[in-house]
Amino acid sequence: MADKDYSPLSSACVRALNDKLYDKRKAAALEIEKMARDFNNIKNETQLKKLLKVLGQDFTLSNNPNSRKGGLIGLAAMAIALGKESQPYIEEMLRPMLSCFSDQDSRVRYYACEALYNVVKVSRCDVLPLFNEVFDSLCKLAADPDQNVKSGAELLDRLMKDIVTESPTFNLIELIDLIRDRIHGTNQFSRQFIISWIALLDSVPDFDMIVFLPKLLDGLFHILSDPTPEINRTTENVMAEFLFKIIQNPSKVDFPSMINILTIHSQVKDEPLVQYTALTWLKEFINLANSRDLLPFSASILTAILPCLTSTSDYGDDFEDKNKSTTNINIREVAKVLNYSLMQLVTLQDNQHEDGLSPTHAINNESHNTNVSDLVQNSLDLTSVLEILVRELKLGENASTLSKLAVLRWILHLYSKVPQKIVTHLESELFPGLLKTLSDKSDEVVLMDLKVLAQIFSAPTVSSNSVNNIMDNTSYFNKFMRELLKLFHKNSSVLEERGSFIIRQLCQLMTAEDIYRSMSEILLNYEDLRFAYTIVQTLNTILLTSSELFELRNQLKHLKTDESCALFCCLYRTWCHSPIATVSLCFLTKNYKHASDLLLLFGDLNLTLEFLTELDQMVQLLESPIFAYLRLDLLDVENNWDLIKSLYGLLMLLPQSDAFDLLRKRLQCVPNFRLTSSSSDSQKKNKTKSSPMQPNMDFKELLRHFHLVQQKHQNWSRNSETLNRINDRSYNV
């Protein structure tokens, strides 16, 4: 090209700028520096701009990498020459350098870093109008594969940080947006670059970074998961500093805008540090924020908490290292504290915001300064909360014992605080989940589940009509008892393994009389007679042996009131499914005469091995402390002839076994007993104490009922045997 194409550069200067040797290009740069200084001294802007155009276009855009290097060093020389007066020409200088940051030649990229460093060094704050472009280029260069380029970029980066911190007019909002757009990158060097800038900005007193935290928080958690220890530690320290400032100045924090971010990252199970940090932040947020502001987020926070409430044993023994084990333990502890704090947000105040209630009605008891829209907006989303709780219960074995216990405590707490609201969800959502949980393998979970059910069915629902309260509770209670029996019927293992435990705990938590009366009424006409027989056996054993049934046993033992007599008759009719249980109930209630009459009917029954085994067990039970009063009644031979006769009836039914010998020895201890006609006549003449004989107890009718029930059982048994034989023949064919 002709020299005029590069004017005001001389031909020698042009050749030197294009030379492959650095020293020649350096000499040309010194000539350009002198030329630019002279032009500036005489205020020749035309020549300066022409020189900038030649270097910025003809050289930096050349196909020859040496020419591009020459153009970059020439532009840097002009900046040095102009010094603080370079401000009008900053854009023309910087843009060619920025374009060279993406050059394929690593040496060109390095020279671009060096040139830009020299420009920034002399112009300082004058480069800030182009800060966004410089920052974007530095972010890319931080991940450059060439180490020399990265080193040059680091020097330029430190210089830019100094300029930003010293500038009183720096536009922080634009920088935050730049960081937000790049914070989700996965390159470790880019992450290191981003976190270093965040740390810098947070360290500047004039920059209130808490205000911008919602824009950065998600990205910070992503960087926190970086496997590089140095990045990991730096991010952890930065986030700890942020949290400290939040605790110091909670009034400046936009808590709601960050809740969803925290709940998402608190569920990242494969990143314990991320999970622990998110839970820690949530815990502090709950303690610091206005509870009404965070109440609508209860469901999403619960989603994060419940899976974390896992015992250390649930993690197994194959921890990667001791630190991970410690982190997992800390996660559980923080989750427990967070769960408790969240639970405290729900208060009786939330019960006023019942679905369908007008806002005006909802705030009748609130302060007159309370805004109606705030009350509606900052209210508990009970539907979502219950959805999370029920879903956790339905996980069954996939959910930990501690998480299920937490769910049940939540339901109990909600019922105590927002009964009006929760009742509407009881039948469709809560009740099925609570019933299913009764088959859980953990005794602790089952017991807690029973406590919840007992609270629901024993406490009056919130209603203006007390009669409706009683009717609602009775309806729910009876439905629960029916569903419980269905559960036992459908799942025999639950009945065998947990049936006694569930019934005993229900009797302790509620009223034993209500439990037994309800089950008796349901079982009275139960279609599956075999199941009814099994349940009666279970109920009878509990009644005669469990400490939880002490009061009920005393009530039945004396039958002093019409209510207790009615209870006896109710139980008796159902107990007829099991002959031995029926006799034991008569012994318990001191209806010895009726027991004697019953035993006379036993000769017509099918005395199976199962029957004799039960008879053996009852004889053993008669020797227990519970029947001490019965054994003492044997001392009063004159007034308890029917008791003695009953025991002899049992003796006659027993084969000559250990139980036979035991009962015979007991009867041999009866004082002055003689089986004579005179003694028999004496019993007829005297009023016996064999039965209280209340007027509302028709023992003849009870005896007929027993006979009818046993006929049903015999017919059912024959039909079952016939069906089994038919099935066996079909199978053989």
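The values are calculated or read from the model by the stated rules, or taken from the named source; none is laboratory data. Predicted, not measured: the structure shown is a model, and the values here were computed from it. Note that each Cβ is placed from the backbone with ideal geometry, even for glycine, and that neighbours are counted across all protein chains shown. Just so you know, the surface numbers come from the protein's heavy atoms only, side chains and all, with ligands and any DNA or RNA stripped out. Shrake-Rupley method; radii C 1.70, N 1.55, O 1.52, S 1.80 Å.
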Check on Thr310, open to solvent by 50 Å² or more (accessible area, probe 1.4 Å) and modelled with pLDDT under 90: no
Pair list, Cβ < 8 Å and 6+ apart or interchain, from region 324-336 residues that are crowded, with 17+ Cβ neighbours inside 10 Å and charged (D, E, K, R) to residues that are in a helix (DSSP H, G or I) and modelled with pLDDT under 80: Arg332/Thr312
Check on Ala362, modelled with pLDDT under 60 and more than 20 Å from Ala289 (Cβ to Cβ): yes
Residue selected from region 50-93 under the condition acidic (Asp, Glu) and within 60 Å of the chain's Cα centre (by Cα), by the criterion farthest from Val14 (Cα to Cα): Glu91
Count of residues meeting criterion [farther than 15 Å from Leu484 by Cβ and among the charged types (D, E, K, R)] in region 498-527: 2
Residue check for Lys283: free of Cβ contacts under 8 Å to residues at least 60 places away in the same chain and within 17 Å of Leu309 (Cβ to Cβ): yes
Pairs where the first residue, in region 663-677, is of a type in the set (D, E, K, R) and the second is at pLDDT 85 or above, C-beta under 8 Å, 6+ apart: Arg664/Leu651; Arg666/Leu622; Arg666/Glu623; Arg666/Arg631; Arg666/Leu634; Arg666/Leu647
Near pairs, Cβ below 7 angstrom, 6+ apart or cross-chain, from region 145-170 (crowded, with 16+ Cβ neighbours inside 10 Å) to any residue that is part of a loop (DSSP other than H, G, I, E, B) and not aliphatic (A, V, I, L, M): Lys150/Asp144; Ala153/Asp144; Val164/Phe170
Tally of residues being more than 14 Å from Leu138 (Cβ to Cβ) and among the aromatic types (Phe, Trp, Tyr) across region 189-207: 1
Spans of helices (runs of 4 or more DSSP H) in region 153-246 with at least 3 residues in contact with a Ser or Thr (Cβ under 8 Å, 6 or more places away or on another chain), of a type outside the set (Lys, Arg) and under 26 Å from Ile286 (Cα atoms): 213-224
Among the candidates Ser463, Ser373, Ser416, Ser384, residue that is modelled with pLDDT of 90 or more, among the small types (Gly, Ala, Ser) and open to solvent by 10 Å² or more (accessible area, probe 1.4 Å): Ser384
Filter result for Ser428 (at pLDDT below 90, surrounded by fewer than 16 Cβ atoms within 10 Å (Cβ to Cβ) and out of contact with any helix residue (DSSP H, G or I) (no Cβ under 6 Å at 6 or more places or on another chain)): yes
Every residue from region 1-45 that is without any contact (Cβ under 8 Å) to a residue 40 or more places away in the chain, within 22 Å of Ser86 (Cα to Cα), open to solvent by 80 Å² or more (accessible area, probe 1.4 Å) and of a type in the set (A, V, I, L, M, F, W, C): Ile42
Complete set of residues in region 46-61 that are in contact (Cβ under 8 Å) with a residue 40 or more places away in the chain and open to solvent by 30 Å² or more (accessible area, probe 1.4 Å): Lys49, Lys50, Asp58
Options Lys394, Lys441, Lys404, Lys421; residue that is crowded, with 17+ Cβ neighbours inside 10 Å and at pLDDT 85 or above: Lys404
Residues of region 658-683 that turn out to be at pLDDT 70 or above, open to solvent by 40 Å² or more (accessible area, probe 1.4 Å) and assigned to a helix (DSSP H, G or I), as a count: 7
Yes/no for Arg95 being part of a helix (DSSP H, G or I), basic (Lys, Arg), open to solvent by 20 Å² or more (accessible area, probe 1.4 Å) and within 22 Å of Glu133 (Cα to Cα): yes
Identity of the residue in region 525-579, touching a residue at least 12 places away in the same chain (Cβ under 8 Å) and among the small types (Gly, Ala, Ser), that ends up farthest from Ser596 (Cα to Cα): Ser546
2 or more residues of a type outside the set (S, T, N, Q) and open to solvent by 20 Å² or more (accessible area, probe 1.4 Å): qualifying helices (runs of 4 or more DSSP H) within region 539-640: 550-558, 562-575, 592-601, 609-622, 628-633
Residue check, Leu178 within 30 Å of Leu155 (Cβ to Cβ), buried (at least 19 other Cβ atoms within 10 Å of the Cβ) and either out of contact with any helix residue (DSSP H, G or I) (no Cβ under 6 Å at 6 or more places or on another chain) or touching a residue at least 40 places away in the same chain (Cβ under 8 Å) (or both): no
Criterion violated by Leu523 - all others in (1) touching a helix residue (DSSP H, G or I) at 6+ places or on another chain (Cβ under 7 Å); (2) surrounded by fewer than 18 Cβ atoms within 10 Å (Cβ to Cβ) satisfied: (2)
Meets criteria (in contact with a Ser or Thr (Cβ under 7 Å, 6 or more places away or on another chain) and surrounded by fewer than 16 Cβ atoms within 10 Å (Cβ to Cβ)) for Gln87: yes
Test: residue in region 103-118 that is open to solvent by less than 40 Å² (accessible area, probe 1.4 Å), closer than 24 Å to Leu172 by Cβ, assigned to a helix (DSSP H, G or I) and at pLDDT 95 or above: yes
